[in-house]
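Worksheet for the structure shown next.
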C-alpha cells in the first residue's frame, strides 16, 4: 500500500507520525524499570478507556487472543451462552466450543438481539455469556448494558468483546457489570495491531480455573504485573508497546469523552451522507443508537459488485472494506475509528461519489450532507 492511500477499513487504522516515531526507538530490556514505566502508564489510560477499577492486562496478541484468553481461563466444560448476530459473535461461539459447550442465541447477521431469547438461554443454567458489543461485520451495536443486567440476574460471567467499541463508544465496563472486557490495539485507540488489553473483575478472578492455558494464563499476567518492576510473564512485543504508549498519550491529551464524541460525529456524518446519496444502511435498525460509531455498513447498489466498488475507490486512493462470508458482494463498509476526522470522512465520500458515478449509479449530495453534519 502506498503512503498516499487512505485506509478507511474497520481496523487496522492509520497510525499517527508520533506513534510511528515511537515504534522506531531502540530496543530496551523488557524486565527493566523503563519498560515497567511504559506498561504502568498504558494500564492507567486503559483503565480510563474501560471505565474500570478492575485489573487491566496487556497481552502480546491480537483481539482474538484476548477473546481466547477470556474463555480459556474461566471455561472448562461449562455451558456458555453465545450471542451471534455477526462474524465475530460467531468467532466467540467457535472459541467457546474448544473449551466448553456453547448454547447459541443466533440471528441473521445484522438482526437485533431479542433479550427474551437471551434470558431463556440463561435459564438453562450456564457459567458465562459472551457477546460482541460492536459487531464490525454488520456495523451495529449490541445491548451490552441490558445483557450485563441479565448475566448478573442469573449469576453468569459476562464476557464482552469491546475490541472495536471501547475508545469510540461510551462503554462503562464496571457500571454495566462486564466481568471480562477486551480491547484491540488497532481500532479506536489508533495503535499498531498485535496487542490486546483485557479488564478482569474480581468475580471473574474468583471463578478462574485451576488449570489455565500456558501463554494466555491470565493469573500469570496478574502475578507479573504485581512485580517490582511490573512485567509481563513472557517476552512482550516491545515496539508495539512503544506505539501503544504514544497512542494512549494522544488519547489522554484529547480526553476519552472528547474522543468518543468525535467518533459519534464522524459516524453521524457518514449516515447522513448515505441518506443523501440514497444508499441503504445495513442493517435496518429502528433505533439510531444501535448503529455503530466506528464502522458503517451499506447495502451494495444494484448491478455493482465488491471488486468494482472497492477497486474504483482504491484507484482514487481510498481503501474501504467489503462484506465478510455470505455478505461478500452484498454490503460494503467504511471504517471511521482511531484518529479519523472530517477531512478523512469527506475525502472518502468524495471518492465514493466519484466511483459510483463512473459505475453508472446516481449518488450525489453525500459530501454536502456530511459537511452540514460536521457544522
task = Mind putting together the pair-distance distribution for the range 233-375? All Cα pairs, 10 Å bins, whole percent per bin, short to long.
result = 11, 37, 30, 16, 5, 1
key: residue 350 versus residue 116: modelled label distance in nm, points set 7 Å from Cα along the beta carbon direction   = 5.1
remark   = Classified through the alpha carbon gyration tensor (a ≥ b ≥ c as square roots of its eigenvalues; rounded if a/c is under 1.5, else prolate when a/b is larger than b/c, else oblate), the range 74-221 comes out rounded
query = Taking a point 7 angstrom from the Cα of residue 21 along the C-beta vector, which residues in the range 306-348 have backbone N less than 18 Å away?
reply = 339
inquiry  = I need to check one value: relative contact order of the range 183-237, counting alpha carbon pairs closer than 8 Å and at least 6 residues apart, in percent.
reply    = 18
remark   = With Cα springs under 10 Å, the Gaussian network model of the chain assigns the largest mean-square fluctuation among 341, 185, 164 to 341
note = The simple spin-label model distance between residue 34 and residue 264, using points 7 Å out along Cα→Cβ, in nm, is 4.2
remark   = Quick calc of log₁₀ I(q)/I(0), the range 298-375, Debye, one scatterer on every Cα, no solvent, q values 0.11, 0.15 1/Å, result -0.28, -0.51
key: Alpha-carbon Debye profile of the range 34-144, log10 I(q)/I(0) at 0.09, 0.22 Å⁻¹   = -0.28, -1.21
query = If one takes the longest principal axis of the Cα atoms in the chain, at what angle in degrees, from 0 to 90 and to the nearest 10, does the Cα axis of helix 238-254 lie?
reply = 70
message = Multiplying the sequence separation of residue 211 and residue 155 by 0.36 nm and subtracting their Cα-Cα distance, what value in nm do you get?
response = 18.0 nm
request  = Calculate how steeply helix 87-99 sits against the longest principal axis of the alpha-carbon atoms of the chain, using the helix alpha-carbon long axis, and give the answer as 0 to 90 degrees to the nearest 10.
outcome  = 20
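Which percent of the Cα-Cα distances in the range 259-304 go past 16 Å?
Everything past 16 Å amounts to 37 percent.
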query = Distance in nm between label sites at residue 341 and residue 329, each 7 Å beyond Cα in the beta-carbon direction?
reply = 4.0
inquiry  = Using only the alpha-carbon atoms of the range 333-375 as identical scatterers, what base-10 log of I(q)/I(0) does the Debye formula give at q = 0.18 Å⁻¹?
reply    = -0.53
query = By how many nm would the segment from residue 284 to residue 124 grow when fully extended, if each residue of separation counts as 0.36 nm and the alpha-carbon distance is taken off?
reply = 54.5 nm
task = Using only the alpha carbons of the chain, determine the length spanned along each of the three principal axes and report them from longest to shortest in whole angstroms.
result = 62, 54, 33
Inter-centroid distance (Cα atoms) of the range 300-350 relative to the range 205-223, Å = 40
note = Once residue 53 and residue 315 are pulled to full extension, the length gained, defined as 0.36 nm per residue separation minus their Cα-Cα distance, is 89.6 nm
inquiry  = As a test of the definition: which semi-axes, in Å, follow for the range 176-222 when you take the square root of five times each eigenvalue of its alpha carbon gyration tensor? Largest first, please.
reply    = 23, 15, 6
key: Cα long-axis angle, helix 342-358 against the chain (0 to 90 degrees, to the nearest 10)   = 50
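Computed from the coordinates by the stated procedures, all read-outs in this text should not be read as laboratory data. Everything quoted here is computed from the prediction, not taken from an experiment. Note that each Cβ is placed from the backbone with ideal geometry, even for glycine, and that neighbours are counted across all protein chains shown.
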